[in-house]
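Before any comments, here is the structure.
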Amino acid sequence: MERNQKVRAMAEKTKLSLIVPVLNEEETVASFLDESTKAIEQAMELMGPAATAEWIFVNDGSTDATEVVLRTRAEQDPRIKLINLSRNFGKEAALAAGLDHATGDAVVPIDVDLQDPPEVIVQMVQAWLDGAQVVNAKRVDRSADTWGKRTTATWFYRLYNRFADQPIPENVGDFRLLGREAVTVIRRLPESSRFNKGLFNWVGFKVETIEYQRAARHAGQTKWRAWPLWNLALDGITASTTVPLRMWTYIGAVIAGLAFAYAVFLIIYTLVLGADTPGFASIMVAVLMLGGLQLLSLGIMGEYVGRIATEVRGRPLYVVASKVGLED
Ligand code: UDP
Ligand code: MG
């Protein structure tokens with residue numbers, strides 16, 4: 001009986017899918033395929049003779065030769081598959097497209113620029129075969145990232161974890177192994193402002209963590225700009241907590257209390273000592289402070305309401321223009 005169960009569990013761990021979002025990466029694709037093939041072959045040895053693998057490239061609206069390069073590779077090797085999105089939808093949506101098309105028993109989202117070292121996949125697969133359902137990869141050394149990116153990341157994790165209902169482990173990116181159970185759950189999540197790190201972590205299951213060093217980008221340029229990253233941070237926070245929305249009740253209560261006390265003081269003061277010079281300054285201060293607070297809290301409302309609007313529209317996360325090596 002136990003043996004049978006073990007055999008069945010093994011049988012369900014035979015296929016590995018890599019999901020690779022790409023945006024203008026003509027320079028990096030070839031070396032990524034070389035490196036990742038080596039790692040995947042080692043991982044497949046661990047998985048036994050029935051092991052197979054696939055590479056799902058999601059072309060996120062590249063304007064260079066990325067599509068041509070990938071098409072050629074996909075035609076040469078049926079394990080390489082390509083989804084062309086109709087425009088740039090962002091990495092989060094590209095990953096969702098990949099997750100929807102991956103057929104592996106385990107799925108590994110990975111950057112094409114070799115900043116997520118493919119050899120770590122071998123350890124991930126080992127942990128997965130040993131029973132983990134999700135294997136996180138934690139960057140122990142981010143010195144390859146710029147100072148600005150590192151500090152903002154640190155602050156983001158701190159702020160996020162202080163308020164989020166479900167904290168996320170620091171320095172674990174999208175690069176991780178997701179077992180089929182986790183993938184099924186993630187695909188069912190309906191939200192359209194995707195914050196994958198939060199979602200991947202939210203699903204739970206048996207999690208194992210592996211540490212690695214984050215390398216420098218192999219070639220080409222980073223596609224991240226500060227503004228989209230800031231929006232991703234906002235998505236992350238608004239998707240995971242309503243604290244910024246609710247805290248205004250308390251701040252408002254405190255300010256109202258202080259204002260009331262001040263009013264009482266003014267009344268007594270005027271009754272005892274008579275009217276002062278017209279209080280232009282104090283009125284201005286009160287007006288400005290309250291006005292500022294109101295605008296701020298309205299802004300926070302706007303963040304949430306804006307996201308509610310996006311969710312209600314219910315648009316698809318991405319639009320597929322064409323596929324290579326995948327059926328419809
Ligand atoms: N990427 C994408 N769509 C985007 C931005 C990035 O598919 O809108 C891909 C990119 O091609 C790469 C991965 O996401 O494979 C990570 O991007 P990048 O290396 O530029 O980000 P960084 O490592 O600097 O955070
Ligand atoms: Mg990178």
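Any idea what the dipole of the chain comes to, in debye rounded to 20, about its Cα centre with Lys/Arg Cβ at +1 and Asp/Glu Cβ at -1?
700
Just going by the charge dipole of the chain, with Lys and Arg at +1 and Asp and Glu at -1 on Cβ, which of PRO49, ALA321, ALA256 is farthest out on the positive end?
Comparing the listed Cα positions along the dipole, ALA256 ranks first.
Separation of the range 126-147 and the range 198-222 by C-alpha centroid, Å?
First find each Cα centre; the distance between them is then 5 Å.
May I have the extent of the alpha carbons of the chain along their three principal axes, as whole Å values ordered from largest to smallest?
94, 52, 40
Please list, ordered by chain and number, the residues whose modelled amide H lies under 5 Å from the amide H of SER322; skip anything fewer than 5 residues away on the same chain.
Hits under the 5 Å cutoff: ASN84.
Tell me which residues come under 5 Å, amide H to amide H, from TRP55 once H is placed; ignore anything under 5 positions away on its chain.
LEU18, ILE80, LYS81
Would you mind ranking LEU317, LEU159 so that the residue whose beta carbon has the fewest other beta carbons within 10 Å leads the list?
LEU159, LEU317
For the chain, what relative contact order do you get, as a whole percent, if you take Cα pairs closer than 8 Å and at least 6 residues apart?
It comes to 23 percent, rounded to a whole number.
Tell me, what is the FRET efficiency for GLN294 and TYR269 to the nearest 0.05, using R0 = 25 angstrom and their Cβ-Cβ distance as r?
The pair GLN294/TYR269 has a calculated efficiency of 0.35.
Beyond 18 Å, how much of the Cα-Cα pair distribution for the range 104-182 remains, as a whole percent?
The answer is 49 percent, as a whole percent.
Taking 7 Å along the Cα-to-C-beta vector as the label spot, tell me the THR72-TYR250 distance in nanometres, rounded to one decimal.
Simple spin-label model gives 6.0 nm for this pair.
Count charges around ARG180 for me, please; just the other residues with Cβ under 10 Å from its Cβ, Lys/Arg as +1, Asp/Glu as -1.
Charge balance in the 10 Å sphere: -1.
Which FRET efficiency, nearest 0.05, do ALA309 and LEU46 yield, Cβ-Cβ r, R0 51 Å?
Efficiency computed from Cβ-Cβ geometry: 0.60.
For a footprinting-style exposure proxy, rank HIS101, HIS218 by other Cβ within 10 Å, fewest first.
Fewest to most other Cβ atoms nearby, the residues stand as HIS218, HIS101.
Starting from one equal scatterer on each C-alpha and no solvent at all, send me the Debye-based log10 I(q)/I(0) for the range 48-105 at q = 0.18, 0.20, 0.24 Å⁻¹, two decimals.
For the requested q values the scattering log ratios are -0.64, -0.76, -0.99.
FYI, it's all coordinate maths here, none of it is from the lab. As the structure is a computational prediction, the values presented were derived from the model and not from experiment. Note: ideal-geometry Cβ built from the backbone for every residue, glycine included; neighbour counts use all protein chains shown.
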